[in-house]
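Student: Below is the structure I would like to discuss, written out as structure tokens.
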Amino acid sequence: MNFSEVFKLSSLLCKFSPDGKYLASCVQYRLVVRDANTLQILQLYTCLDQIQHLEWSADSLFILCALYKRGLVQVWSLEQPEWHCKIDEGSAGLVASCWSPDGRHILNTTEFHLRITVWSLCTKSVSYIKYPKACQQGITFTRDGRYLALAERRDCRDYVSIFVCSDWQLLRHFDTDTQDLAGIEWAPNGCVLAAWDSCLEYKVLLYSLDGRLLSAFCAYEWSLGIKSVAWSPSSQFLAIGSYDGKVRILNHVTWKMITEFGHPATVNNPKIVVYKEAEKSPPLGHLAFPPPRAAAGPMTSSESKYEIASMPVSLQTLKPAADRANPRIGIGALAFSPDNYFLATRNDSVPNAVWIWDIRKLRPLAVLEQLCTVRAFQWGPQQPRLAICTGGSKVYLWSPAGCVSVQVPGEGDFQVLSLCWHPSGDSLALLSKDHFCLCFLEMEEGVHTAFGQRGDCT
Amino acid sequence: MGDWMTVTDPGLSSESKTLSPYTSETKMSPSSLYSQQVLCSSIPLSKNMHSYFSAFCTEENIEQSISYLDQELTTFGFPSLYEESKGKETKRELNIVAVLNCMNELLVLQRKNLLAQENVETQNLKLGSDMDHLQNCYAKLKEQLETSRREMIGLQERDRQLQCKNRNLHQLLKTEKDEVQKLQNIIASRATQYNHDMKRKEREYNKLKERLHQLVMNKKDKKIAMEVLNYVGRADGKRGSWRTGKTEARNEDEMYKILLNDYEYRQKQILMENAELKKVLQQMKKEMISLLSPQKQKPRERADDSTGTVISDVEEDAGELSRESIWDLSCETVREQLTNSIRKQWRILKSHVEKLDNQVSKVHLEGFNDEDVISRQDHEQETEKLELEIQHCKEMIKTQQQLLQQQLATACDDDTTSLLRDCYLLEEKERLKEEWSLFKEQKKNFEKERRSFTEAAIRLGLERKAFEEERASWLKQQFLNMTTFDHQNSENVKLFSAFSGSSDWDTPSLPSRPRQKKPHGVPSGSPVCTSKLTKSLPASPSTSDFCQTRSCASEHSSINVLNITPEETKPNQVGRGCTNQKWSMSSRPGSQEGCYSGCSSAYTNSHVEKDDLP
């Protein structure tokens, strides 16, 4: 496992281009585009103010930089460095900006969610969409880029509008039976739209592309409801994480619950492997004592290691403050592995642990208990390997073969707050508050073999 | 504790003791009380006797004494001391032979009395120990009863408390449920209120938004603009198309196309899955058929009709299916057929497996037979071994028997017999326990009496009366149960003979028998006495009529007791009389010896009186 040198970064804005060739990162008002392999600077763009949002177009030709404070969006072309585009939302303000899937339109949400402006880079035409709903996830595009679903709010009722992205024509418009729609998301196959209610009510509604209600699911009443939702890449499962600390998985045929994954604070199932991160006392000289007996996978010279804990294991739990909003309970994050085989979840009341579930057997597979709070985790895009960061100077990788904890080299403390995978899954960008570096996985032979087993199986 | 029934009854003797003064008094002059005592006094007390004789008979009153003695003796059934009177006038002469005979008889009687007394004493002791034991048992049981009662009360209390708790909890639950209901109602009302408020707020917000929108957008804000160097081409290279109705329709078409594609894809997947499952089913079916076909001969041989027909069906099915190969069709008929045939086969398989299970268990049961079939030699060896073992065991039993007999032969005196009886009677414990309730009552009375005895002897008579009444009732019941005792008694005797399989037993067993029959022998020795007693007894005291005589005798004695006044008993009940009474009472059930004790009442009576003399 190799690490690149450390580069400057601000606002955790660092993204690989969708084709994997480039890496864009922001330093204050500058946008730096590097070659993803050599890390040589290819382009350097200067924006008018501090960049607050960065997004690659789907064809990797354009980069969008949003400057929310100024209500500005600046677009840069990689092919034509001299080409520039500046969109000013004026006094309406700007709170969100994103590309349309075709990479030729930009959707800007004005302040107070007054409207969404669709700017085209091809024509002078501007489209407005009124009444967008201010919610957790109100805009979603199908994966093929054909359709846009938008959550709307009119006359105290929730609606969903489905637009055809090619000409921004409204295809369907229907109201949803929700109190306060919190989010919508397309299934990866683009045929089913999941809409869920705000946390006050547990309700998931599934709509077909043509606006028919396929099914509604409610696990319980009178309690805080859904916290997170994720589709499996095959569109076969919909995982719903809720405030009761459980993940419920719906199937795509009957839209009924297949199973329920609880996240108990005490792990007693002997089939679950609990990897516990343990601090290793700094080695004195070259004597490694106690000898490292870490989990599978090679160990680089790191100061922590994973130990396989013996049952029963009680995980560190957080007592949630009942009198404050957004309590730290429930399933705050969940993600399917790209091959659909695994699901990673985090229970916010057990902030140090990541649960990994075997979807084929519908049972828990492993629990990773870190020393610090899990900040983020992300599945590798090609193989089922999970990268986890906890805000410390280490990055953790899990694969079905085992677990590794890797110390990020370099002087000073490199606190990994976020990470993102290269689309090939060969490298990983580790982001700290002011810096970022790349971590190349395939260079390490041991890791390659360790993960290769998994790859052979798939 | 259980030997009361085989020994002589001091109780009865004590009663008969009271009986004799009664009879004698009728004929005796008040002044001649002494003489009676003298008559009955024992030989060992010869010194006293001398003094008494001197007091009784002096030179002056020889004649009177003789006549008095004669009178007394004749009343007791002895021949007259005088020679047969030849004439009325002539003075009757003292027949020395008769006197000597009388004396001798008296001495014999005395000896017998002494013997009887000894017996009675030993029995008293035994009974006393039994009594103690019984009392201990009683106390223990009483304690147990008390503790169990206390326990029961405790448990009841606990039960009550728990019930109380349960009730409280029920109440609590109910209140909690009410509370929950109330809270849910509150939540619901709050929710509606919240929604209402939210809607109101939202409307206001929307109005504001609308206004803001107007303000911001209508101003024709020059700032809202896009500066672009040059427009870029579309990603697909095509030009943007105009929005027309056509595009709308096209969009719809496309959407439905996508949906259709999705459904087709899913259907394909489902079909594939179905095909796979069908394949599995088919394979299973085939395997089942192949598995079951060799079995089908067997059931037919066993004339098991049901399975046979089913299997033939299966065969037909199999033929059909293989012929038509309709697996690829997914119509309902095929499905039904398939599931039905699978079900049938499954049933057959199940029954077959069950049969196999049964066979296995049978094999386990018939293991010996199989062994015989498989290896006769082994079997024979086994039987030989077993026979040897049996022989060995037999020998052991024989030696044990011999040892037992030797032991019995060496110690076949009164003690061993009594011991044996004890053993035998211990078996009766169970029965005794059954009669415990009856006993308890008696015990209570007994305790009361004991207290009264220590307090004053006067109250004894009255108490005794009451007691006797109770005893009568008790005895009645006892006698009702006694028949079994008798049976066992006789069985006991038979047991001895059973043990005496070898010839060397017969001789030692003999001495025990005379002892048992002794009681009958004594009364027969004095026919007058028996005749007197048996006046009221309809049957002669033979062994076969034990029960009857016993009951009569006891009834007789109880009646007699009822007539006794406290004054009469008082002189006899000094010192040892108290304890004597106690023993007799406790051992009253022992009167089962019956005939003997009843008949020998005279002797026991005299013996008791003798004790009072000093």
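The values are calculated or read from the model by the stated rules, or taken from the named source; none is laboratory data. Since the structure is predicted, the reported quantities are computational estimates derived from the model, not experimental observations. Glycine gets a Cβ as well: all are built from the backbone with ideal geometry, and neighbour counts include every protein chain shown.
Student: Counting only residues that are modelled with pLDDT under 90 and of a type in the set (A, V, I, L, M), which one in the range A:221-269 is nearest to A:Ser208 (Cα to Cα)?
Tutor: By that ranking, first place goes to A:Val253.
Student: Tell me the residue from B:Lys177, B:Lys207 that is out of contact with any Cys (no Cβ under 9 Å at 6 or more places or on another chain), more than 14 Å from chain A (Cβ to nearest Cβ), part of a helix (DSSP H, G or I) and not aliphatic (A, V, I, L, M), please. First the steps, then the outcome.
Tutor: Numbers: B:Lys207 fails: more than 14 Å from chain A (Cβ to nearest Cβ).
Answer to the check: B:Lys177.
Student: Give me the residue from the range B:323-338 that is loosely packed, with under 12 Cβ neighbours inside 10 Å and in a helix (DSSP H, G or I) and, out of that set, modelled with the highest pLDDT.
Tutor: Ranking the candidates gives B:Glu336 first.
Student: Okay, next question. How about the range A:185-207: which of its residues are assigned to a strand (DSSP E or B) and either buried (at least 21 other Cβ atoms within 10 Å of the Cβ) or within 14 Å of chain B (Cβ to nearest Cβ) (or both)? Working first, answer last.
Tutor: Initial filter on the range A:185-207 (assigned to a strand (DSSP E or B)): A:185-186, A:192-197, A:204-207.
If the condition is that a residue be assigned to a strand (DSSP E or B) and either buried (at least 21 other Cβ atoms within 10 Å of the Cβ) or within 14 Å of chain B (Cβ to nearest Cβ) (or both), then A:Trp186, A:Val192, A:Leu193, A:Ala194, A:Ala195, A:Trp196, A:Asp197, A:Val204, A:Leu205, A:Leu206, A:Tyr207 are the ones that fit.
Student: Identify the residue in the range A:208-221 that is within 12 Å of chain B (Cβ to nearest Cβ) and surrounded by 13 or more Cβ atoms within 10 Å (Cβ to Cβ) and, among all such residues, is farthest from A:Gly241 (Cα to Cα). Steps first, please.
Tutor: The first filter runs over the range A:208-221 and keeps only residues within 12 Å of chain B (Cβ to nearest Cβ), leaving A:208-212, A:214, A:221.
Okay, now just the ones that are also surrounded by 13 or more Cβ atoms within 10 Å (Cβ to Cβ), so A:208-211, A:214.
Working: A:Ser208: 22, A:Leu209: 24, A:Asp210: 27, A:Gly211: 25, A:Leu214: 20 Å.
Out of the qualifying residues, it is A:Asp210.
Student: Here's something else I'd like to know. Return yes or no: is A:Lys203 touching a His at 6+ places or on another chain (Cβ under 8 Å) and of a type in the set (Lys, Arg)? So that I can check it myself, show each step before the final result.
Tutor: Working: touching a His at 6+ places or on another chain (Cβ under 8 Å): no; of a type in the set (Lys, Arg): yes.
It is false that A:Lys203 is touching a His at 6+ places or on another chain (Cβ under 8 Å) and of a type in the set (Lys, Arg).
Student: Please find, within the range A:72-119, the residue that is farthest from A:Ser57 (Cα to Cα) out of those that are touching a residue at least 12 places away in the same chain (Cβ under 8 Å), more than 7 Å from every other protein chain (Cβ to nearest Cβ) and over 27 Å from the mean Cα position of the chain (by Cα).
Tutor: A:Pro81
Student: Report yes if A:Gln50 is more than 11 Å from every other protein chain (Cβ to nearest Cβ), under 22 Å from A:Cys26 (Cα atoms) and in contact with a Cys (Cβ under 9 Å, 6 or more places away or on another chain), otherwise no.
Tutor: Working: more than 11 Å from every other protein chain (Cβ to nearest Cβ): yes; under 22 Å from A:Cys26 (Cα atoms): yes; in contact with a Cys (Cβ under 9 Å, 6 or more places away or on another chain): yes.
The answer is yes for A:Gln50.
Student: Of all residues in the range A:66-87, how many are in a strand (DSSP E or B) and of a type outside the set (A, V, I, L, M, F, W, C)?
Tutor: At the first step, the residues of the range A:66-87 found to be in a strand (DSSP E or B) are A:66-67, A:72-77, A:84-87.
Then drop every residue that is not of a type outside the set (A, V, I, L, M, F, W, C), which leaves A:74, A:77, A:84, A:86.
Matching residues across the range A:66-87 total 4.
Student: Select, from B:Ser361, B:Ser351, B:Ser375, the only residue that is more than 30 Å from B:Leu271 (Cα to Cα), hydroxyl-bearing (Ser, Thr, Tyr) and at pLDDT below 80.
Tutor: Values: B:Ser361 fails: at pLDDT below 80; B:Ser351 fails: at pLDDT below 80.
Going through B:Ser361, B:Ser351, B:Ser375 in turn, the sole match is B:Ser375.
Student: If you scan the range A:120-157, which residues turn out to be small (Gly, Ala, Ser), touching a strand residue (DSSP E or B) at 6+ places or on another chain (Cβ under 6 Å) and at the interface with chain B (Cβ under 9 Å from one of its Cβ atoms)? Let's see the steps before the verdict.
Tutor: Quick first cut of the range A:120-157, residues small (Gly, Ala, Ser) only: A:120, A:125, A:127, A:134, A:138, A:145, A:149, A:151.
So of that shortlist, the ones also touching a strand residue (DSSP E or B) at 6+ places or on another chain (Cβ under 6 Å) come out as A:120, A:127, A:138, A:149, A:151.
Listed by number, the list holds a single entry, A:Ser120.
Student: Within the range A:399-427, count every residue that is in contact with a Cys (Cβ under 8 Å, 6 or more places away or on another chain) and of a type in the set (A, V, I, L, M, F, W, C).
Tutor: Final tally of qualifying residues: 7.
Student: Going through B:Val120, B:Val108, B:Val180 one at a time, which residue ends up being in contact with a helix residue (DSSP H, G or I) (Cβ under 6 Å, 6 or more places away or on another chain) and either farther than 23 Å from B:Lys444 by Cα or of a type in the set (Asp, Glu) (or both)?
Tutor: Details: B:Val108 fails: in contact with a helix residue (DSSP H, G or I) (Cβ under 6 Å, 6 or more places away or on another chain); B:Val180 fails: in contact with a helix residue (DSSP H, G or I) (Cβ under 6 Å, 6 or more places away or on another chain).
Residue meeting the stated conditions: B:Val120.
Student: Given the criterion in a strand (DSSP E or B) and crowded, with 22+ Cβ neighbours inside 10 Å, identify the matching residue among A:Ala333, A:Ala344. If you could, list the steps in order and put the result at the bottom.
Tutor: On the way: A:Ala333 fails: crowded, with 22+ Cβ neighbours inside 10 Å.
Answer to the selection: A:Ala344.
Student: Given the conditions (1) surrounded by 18 or more Cβ atoms within 10 Å (Cβ to Cβ); (2) modelled with pLDDT under 90; (3) touching a His at 6+ places or on another chain (Cβ under 7 Å); (4) not basic (Lys, Arg), which single one is not true for A:Thr110?
Tutor: Answer for A:Thr110: the failing condition is (3).
Student: Is there a residue being at pLDDT below 80, at the interface with another protein chain (Cβ under 7 Å from one of its Cβ atoms) and not in a helix (DSSP H, G or I) anywhere in the range B:244-263?
Tutor: The answer is no; no qualifying residue exists.
Student: Could I ask something else about it? Just to verify a result, which residue in the range A:58-71, among those that are of a type in the set (Gly, Ala, Ser) and more than 10 Å from chain B (Cβ to nearest Cβ), is nearest to A:Gln28 (Cα to Cα)? Break it down stepwise before answering.
Tutor: Within the range A:58-71, the subset of a type in the set (Gly, Ala, Ser) is A:58, A:60, A:66, A:71.
Filter again for more than 10 Å from chain B (Cβ to nearest Cβ), leaving A:60, A:66.
Working: A:Ser60: 22, A:Ala66: 12 Å.
Looking at the filtered set, the residue picked out is A:Ala66.
Student: Can you find a residue that is modelled with pLDDT of 85 or more, among the β-branched types (Val, Ile, Thr) and surrounded by 12 or more Cβ atoms within 10 Å (Cβ to Cβ) anywhere in the range A:293-300?
Tutor: No, the range A:293-300 has no match at all.
Student: Could I ask something else about it? Just to be sure, is A:Pro338 in contact with a Pro (Cβ under 8 Å, 6 or more places away or on another chain) and modelled with pLDDT of 90 or more? If you could, list the steps in order and put the result at the bottom.
Tutor: Numbers: in contact with a Pro (Cβ under 8 Å, 6 or more places away or on another chain): yes; modelled with pLDDT of 90 or more: yes.
The answer is yes for A:Pro338.
Student: Then there's this: Can you pull out every residue in the range A:7-20 that is surrounded by fewer than 16 Cβ atoms within 10 Å (Cβ to Cβ) and farther than 10 Å from A:Leu431 by Cα?
Tutor: A:Pro18, A:Asp19
Student: Before we move on, is A:Cys122 more than 20 Å from B:Arg203 (Cα to Cα), modelled with pLDDT of 90 or more and surrounded by fewer than 19 Cβ atoms within 10 Å (Cβ to Cβ)?
Tutor: Considered against the rule, which asks whether it is more than 20 Å from B:Arg203 (Cα to Cα), modelled with pLDDT of 90 or more and surrounded by fewer than 19 Cβ atoms within 10 Å (Cβ to Cβ), A:Cys122 comes out as no.
Student: Quick check: is even one residue across the range A:169-184 out of contact with any helix residue (DSSP H, G or I) (no Cβ under 8 Å at 6 or more places or on another chain), part of a loop (DSSP other than H, G, I, E, B), of a type in the set (D, E, K, R) and away from every other protein chain (no Cβ under 11 Å)?
Tutor: Yes, the range A:169-184 contains at least one residue that is out of contact with any helix residue (DSSP H, G or I) (no Cβ under 8 Å at 6 or more places or on another chain), part of a loop (DSSP other than H, G, I, E, B), of a type in the set (D, E, K, R) and away from every other protein chain (no Cβ under 11 Å).
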